[in-house]
Amino acid sequence: MAIEWYLVLSALLFATGVAGVLIRRSPLVILLCLELMLNASTLALIAFSRMHGTEDGHIYAIVVMVVAACEVVVGLGLIVAMYKRRIPIDVDEARRLEG
Amino acid sequence: MVEVAFFAGAIGALASAIAVVVLKNPFFSVLALILHLVSMAGLFLLLHAEFVAAAQVVVYAGAVMVLYVFVTAYVGNVDEPLADHIRGQRPLAILFAAALFIEISVAILGTGLKALGQEGPVVDPGFGTPEAIGELFLDRFLLVFELASILLLVAAVGAILLAGRRDKRSDRAAGQGPAAATADDPSVANAGGDR
Amino acid sequence: MTVAAWAWLVLLAPLAGSLIIAAGFRVLSKRAAGWIGTAAIGVAFIAAIGTLLSLLDLPAENGGREVVSTAWQYAAAGPFDIELNILVDPLSVFMCLVVTGCSTLIHLYSVSYMTSDQGFNRYFSYLNFFVFSMLLLVLAGNFVLLVVGWAFVGFASYALISFWYRRSTATAAGMKAFVINVIGDIGLVLAAFLIFREFGSANYLDVYHGAHDTLSLNSGVGIAICALLLVGAFAKSAQLPLHTWLPDAMEGPTPVSSLIHAATMVTAGVYLIARSWPLFEMTPTMADISAIIGLATLTVAATIALVVTDLKRIIAYSTMSQIGYMVVGVSIGAYTAGLFHLMTHAFFKALLFMAAGSIIGAMAGLQNIDRMSGMRRALPFTTLMLIIGALALAGFPGTSGFFSKDEIISVALERGGFYTIFAIGGYIVAFLTAFYSFRIGFRVVAGRPCDEARELEQGHLAHAEHVNPATGEPEDTDVGFPGSEHHIAEREMPMKIAMSLLAVGAIFGGVLQIPGVSHVLETFFEPTFEGSHLFHIVPSASSAWVGLAIGAVISIAGIALAWYCYVARPGVTLKLRDRFSGIHNFLQHAWYFNELIDLLVYRPLIATGRFCNRFIERFIVDGIVVAATSAVRGVSGAVRQAQSGLLRAYALLVVAGVVALGLYFLLVAGS
């Protein structure tokens, strides 16, 4: 398969993730959609790495995975903290900074 | 043969991605994501990225998603309402996402890079193996490796601070605490937060 | 020392006094402040004498006695070059002597008169500052410095009229004086502008020596300049129609009235007209108008002085009338006579005010002559001083006032023709002057002693409730109001000394200019008035003596009539008042000038102001401002909609931005 198939697929998955982030209201699901976007970019990285014939892209992809893991950890920690303080788990509730 | 594998993986990834976005129950979304990750691993294998594929399954699908499952179970299933009270958010979101996809596709397909139209150079069997990755990590990308480790450490400490156990003692020591600092018992099956 | 050095000493000694007292305002004791103030003016007087003597050493011809001394360059921009310079010539030295001489005596008087006042130090600082300003005015060598001195004098007058600042009538009077003074200032400043434009310089010598060449006879510019100078002069000297402030200015302490509103400040206008004689001789029209206004003022003021009952106000109207004489004098060319009258008037008017201060002290602050009578045994010294002053005012033969006033009239007669009217008017008003001088004199000293007088004969100074003499409102004696004690001359040595010296001047001052015998002043003033064709109009000795004889008869007749009305047949005037109540009312209200100004000036201005406020301010000015603010508020309100606080909305905007950016790059790359 030509590389561009993978790239177009990655674009499609990325767009799906964006739509999810904008549409969903639960922070948990928003984080999941963020994972989608990260994965899409990982796919693109791997594809380009295959195109170049070097493994630099793979390294990059592993680092992306590390970052994603950290981000998930912190985000879920926030959600747990919110739950413990009986703050509603809904991004639309946090709007004190409205003008 | 490769095409079949590609399309199988692609359809699986796409379908589960859509499922993540669409399903109302967060738990089902989590499961859909796990499926998505596995499909992606398959696609990675097609691209000769063996180590990354394995890491994807073991670390991502294995550890990170488990975290998700735990938290979803803790927080509980909260069904989102159907209607969106931000005017035009849903149609606009889909519109912009579609626009984004079209732009990127145009950029990719219309590019002058001829290499994209091909399958890639012939690689020796050692491509993408753990040895190759390990060599790179300790050779050219040593700094990256170290920084990634520090990042993981910071994240771990941060997570503990964020969601650490708060009993009355540590609240008083911190000098402040939420007014309702009694939510210590996780088994209270409260229906999440109020709307 | 040189003339210039003496002159600077004259100018700066009072300033130093004022600043020292002001700096040590809280720490200096009253004695110290009083003596520092008096000493400063004393030094100035001695320096003035020094200036006189050193000036007389200089040759009189060819401008030898016109000394200009420059301190530094004041303002220079393009063709505009003003220096801080003083002109020392006979006229300015004469004024300095009169000002410092009278001021020293009045300071001496004030040391006792104001003893119990809580604002004593402030008083002396202001008074010294006033003397400095007046000296600056007379010593100024150019029109710019004149304006500075003019304005300072106006301020000093305001500060001293409203000295008892907690008295509402005093502050209102101070403001009235200041506003009218400002009108004069405007006239003076505009005149200075025109002069600078015409002559290219503001220095006196440049302007006056060049007047004959630059101005043509009765030219438009000349008339404008002189008219504006007259506005300034009349505002300061309380001539019609800018005179309404002077009677109200009697709200100030009596020594202030004596210094500022009798001897010095109000004579500044006369000085200005005399100083600007070249300009006025080139525009005879304005000189004549000035003389006519002077005549009108002296008549109106004398008639009012016949009926008002407040002692200080009678004397104030009398001042207005006498200054009218001086204005007539310097406007018709009788410069020596007019200035001579300025000097003698300073003596006897200051003396009269001092005597009035003593009498008011004896009456425990009361100023109404209806309540005063028979003070001769209780206040012997004051009575003597009062009579001397009244005699000089009335022009009794032999007194200084006799010679000075009648000289003006004889010059008018000498010029003849149109100017005879000034002589006739002068004689008629001289009769009225004699009458009202002894209206005061006889009402206060003759007759049966009033209660306060009787108390004083027992040796006990009367006390009364502290009230505002005009309105009767109760007051206390803290700072801002008069002090608790009243002082009379009989008990205070400084007051006695001051009054005695002035009395000597009032009686014997006439020797300076006895027609046909002495002409000290005329010779002295010669250098200043060189080139004037009017200065040398001197009546022959015989016609002068005829004039003096007529004057003597008129003055004695006036005094005799006053004797008849107030001593021989008291009550006659009351019957007259009842019969001619209309005229009496008219005079009592000072010819309704205040009401006229209210109608013609004040009300239209207020109406205009209200109209502007209601329409222009509200709709146009506010409209523009409010429109601008509401436009901004509207726009910001619209923009604020974007700040919804909702995370997803922001995320949407971010994605929209990325899409737009991508589109841009695609388009750029494609083209």
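Assuming 0.36 nm per residue, please report the length gained on full extension of the stretch C:Tyr74 to C:His212 beyond their Cα-Cα distance. If you can, show how the numbers build up before the last one.
Working: separation 138, 0.36 × 138 = 49.68 nm, distance 2.76 nm.
Full extension from C:Tyr74 to C:His212 adds 46.9 nm.
Take every Cα-Cα distance within the protein assembly as shown, group them into 20 Å bins from 0 onward, and report for each bin the whole-number percent of pairs it holds.
Each 20 Å bin holds this share of Cα pairs: 12, 30, 13, 6, 16, 18, 6, 0.
So what's Rg/Rh here for the stretch C:389-455, counting alpha carbon atoms and using the Kirkwood radius for Rh?
Computed over Cα atoms, the ratio is 1.20.
Run the paramagnetic zone check for C:Ala39: 7 angstrom along Cα to Cβ, then residues of the stretch C:1-29 with backbone nitrogen under 13 Å.
Counting only backbone N, you get C:17-18, C:20-21, C:29.
Amide H to amide H under 5 Å from C:Glu492: which residues, 5+ apart in sequence or cross-chain, H placed 1.01 Å off N in plane?
Excluding prolines and chain starts, which carry no amide H, there are no hits.
So what are the radius of gyration and Dmax for the Cα set of chain C, in Å?
When restricted to Cα atoms, chain C yields Rg and Dmax of 30.5, 124 Å.
Given axes a ≥ b ≥ c from the Cα gyration tensor, I'd like to know whether the stretch C:503-576 is rounded (a/c under 1.5), prolate (a/b larger than b/c) or oblate. All intermediate terms of the calculation are to be shown ahead of the outcome.
Details: a/c = 3.04, a/b = 2.57, b/c = 1.18.
In terms of gyration-tensor shape, prolate.
What is the helix-to-structure angle for C:400-415, meaning the angle in degrees between its Cα long axis and the longest Cα principal axis of chain C, kept from 0 to 90 and rounded to the nearest 10?
80 degrees
Summarise the partner chain shielding of B:134-144 as one whole number: the mean count of Cβ atoms from other chains within 10 Å of each residue's Cβ.
2
So, counting K/R as plus one and D/E as minus one, what does the shell of residues with Cβ under 13 Å around C:Ser437 add up to? Mind showing how you got there, number by number?
Working: positive: C:Lys349, C:Lys405, C:Arg439, C:Arg443; negative: none.
Summing Lys and Arg as +1 and Asp and Glu as -1 gives +4.
Once a ≥ b ≥ c are taken as the square roots of the eigenvalues of the Cα gyration tensor of the stretch B:1-151, is the result rounded (a/c under 1.5), prolate (a/b larger than b/c) or oblate (a/b not larger than b/c)?
Numbers: a/c = 1.95, a/b = 1.34, b/c = 1.46.
Because a/c hits 1.5 or more and a/b fails to exceed b/c, the stretch B:1-151 counts as oblate.
In whole Hz, what ³J(HN,Hα) sequence does the stretch C:262-276 give by Karplus (6.51, -1.76, 1.60; θ = phi - 60°), x for Gly and Pro?
Once θ is set to phi - 60°, the couplings for the stretch C:262-276 become 9, 9, 10, 4, 6, 8, 4, x, 4, 4, 4, 5, 5, 4, 8 Hz.
Give me C:Asp622, C:Asp288 ranked fewest to most by other Cβ atoms within 10 Å of their Cβ, as a rough exposure proxy.
C:Asp622, C:Asp288
Grab the DSSP H runs of chain A that are 4 residues or longer, score each as -39,500 (n - 2.57), total them, divide by all residues and round the 222 nm result to the nearest 500 deg cm²/dmol.
Details: 3 runs with 76 residues, N = 99.
Rounded to the nearest 500, the figure is -27000 deg cm²/dmol.
For chain C, what relative contact order do you get, as a whole percent, if you take Cα pairs closer than 8 Å and at least 6 residues apart?
Numbers: 1075 pairs, mean separation 89.2, N = 671.
The value is 13 percent.
What length, rounded to one decimal in nm, is gained on full extension from C:Glu595 through to C:Ser116, with 0.36 nm per residue of separation minus their alpha-carbon distance?
Fully extending the segment from C:Glu595 to C:Ser116 adds 168.7 nm.
Please determine, in degrees from 0 to 90 and to the nearest 10, the orientation of helix C:120-139 with respect to the longest principal axis defined by the Cα atoms of chain C, where the helix direction is its Cα long axis.
Tilt relative to chain C: about 90 degrees.
I need the Debye-formula profile for the stretch C:41-114: one equal scatterer per C-alpha, no solvent, reported as log10 I(q)/I(0) at q = 0.14, 0.18, 0.22 1/Å, two decimals.
Each listed q corresponds, in turn, to -0.61, -0.81, -0.95.
Take the alpha carbon atoms of the stretch B:1-81, find their radius of gyration, then divide it by 2.2 N^0.38 Å using N residues; give the quotient. Intermediate values should be presented prior to the final figure.
Values: Rg = 14.0 Å, N = 81, 2.2 N^0.38 = 11.7 Å.
The reported ratio for this selection is 1.20.
Can you tell which of A:Ala40, A:Ala61, A:Ala69 shows the greatest fluctuation in a Gaussian network model of chain A with Cα springs below 10 Å?
A:Ala69
Rounded to the nearest 500 deg cm²/dmol, what is the calculated helix-only ellipticity per residue at 222 nm for chain C, with -39500 (n - 2.57) per DSSP H run of length n ≥ 4?
Estimated from H runs of four or more residues: -22000 deg cm²/dmol.
How well do other chains shield peptide B:111-118, expressed as the mean number of their Cβ atoms within 10 Å of each residue Cβ?
Neighbouring Cβ atoms belonging to other protein chains average 4 per residue here.
Cross-link partners among lysines for C:Lys405, C-alpha distance below 23 Å, same-chain residues fewer than 8 apart left out?
C:Lys236, C:Lys312, C:Lys349
Given R₀ = 45 Å, FRET efficiency for C:Phe580-C:His533 by Cβ-Cβ distance, to 0.05?
The formula returns an efficiency of 0.50 here.
Kirkwood Rh and Cα-based Rg: tell me the resulting Rg over Rh for the stretch C:171-290, rounded to two decimals. Show your work: numbers first, answer last.
Numbers: Rg = 15.5 Å, Rh = 14.9 Å.
For the stretch C:171-290, the value is 1.04.
For the stretch A:3-84, what does the alpha-carbon gyration tensor say about shape, rounded, prolate or oblate, given a ≥ b ≥ c as the root eigenvalues, a/c under 1.5 as rounded, and a/b over b/c as prolate? Numbers along the way, then the final one.
Numbers: a/c = 6.75, a/b = 1.71, b/c = 3.94.
Cα axes put the stretch A:3-84 in the oblate bin.
Fewest to most neighbouring Cβ within 10 Å: what's the order for B:Thr111, C:Thr244?
B:Thr111, C:Thr244
Can you give the direction-averaged projected area of the convex hull of the alpha-carbon atoms in the stretch C:543-614, in nm²?
Average projection, Cα convex hull of the stretch C:543-614: 9.2 nm².
Taking the alpha-carbon centroid of each part, what is the distance from the stretch C:421-449 to the stretch B:4-51 in angstrom?
125 Å
Using Cα atoms only, what is the angle between the long axis of helix C:493-508 and the major principal axis of chain C, expressed in degrees (0 to 90) to the nearest 10?
70 degrees
Would you mind checking the stretch C:97-117 for residues with the amide N under 19 Å from a putative spin-label position 7 Å along Cα→C-beta of C:Ile497?
Zone members listed by number: C:100-116.
By per-residue mean of other Cβ atoms within 10 Å, what is the highest-first order of B:124-136, C:633-645, C:575-587, C:359-371?
C:359-371, B:124-136, C:575-587, C:633-645
Can you quote the Å³ per residue value for the convex hull of the Cα atoms in the stretch C:594-639, rounded to an integer?
Per-residue hull volume (Cα only) is 47 Å³.
Please report the spacing between the Cα centers of the stretch C:595-646 and the stretch C:258-315 in Å, no decimals.
47 Å
With each label point set 7 Å from Cα along the Cα-Cβ vector, what nm distance links C:Ala16 and C:Ala464?
It is 4.3 nm.
Calculate the mean, over all residues of peptide C:83-90, of how many other protein chain Cβ atoms lie within 10 angstrom of the residue's Cβ.
On the way: counts 0, 0, 0, 0, 0, 0, 0, 0.
Mean inter-chain Cβ contacts per residue within 10 Å come to 0.
Could you give the C-alpha radius of gyration of the stretch C:557-654 expressed as a fraction of 2.2 N^0.38 Å, taking N as the number of residues it contains? Please list the in-between numbers first.
Details: Rg = 36.4 Å, N = 98, 2.2 N^0.38 = 12.6 Å.
My calculation over the Cα atoms of the stretch C:557-654 gives 2.89.
Please arrange C:Ile488, A:Ile87, C:Ile21, C:Ile616 by how many other C-beta atoms lie within 10 Å of their C-beta, fewest to most.
Starting with the residue having the fewest Cβ neighbours, the order is C:Ile616, A:Ile87, C:Ile488, C:Ile21.
Throughout, read-outs are computed from the coordinates displayed, never taken from laboratory work. All values reported here derive from a predicted model rather than from experimental measurement. Note that we place each Cβ from the backbone using ideal geometry, even for glycine, and neighbour counts take in every protein chain shown.
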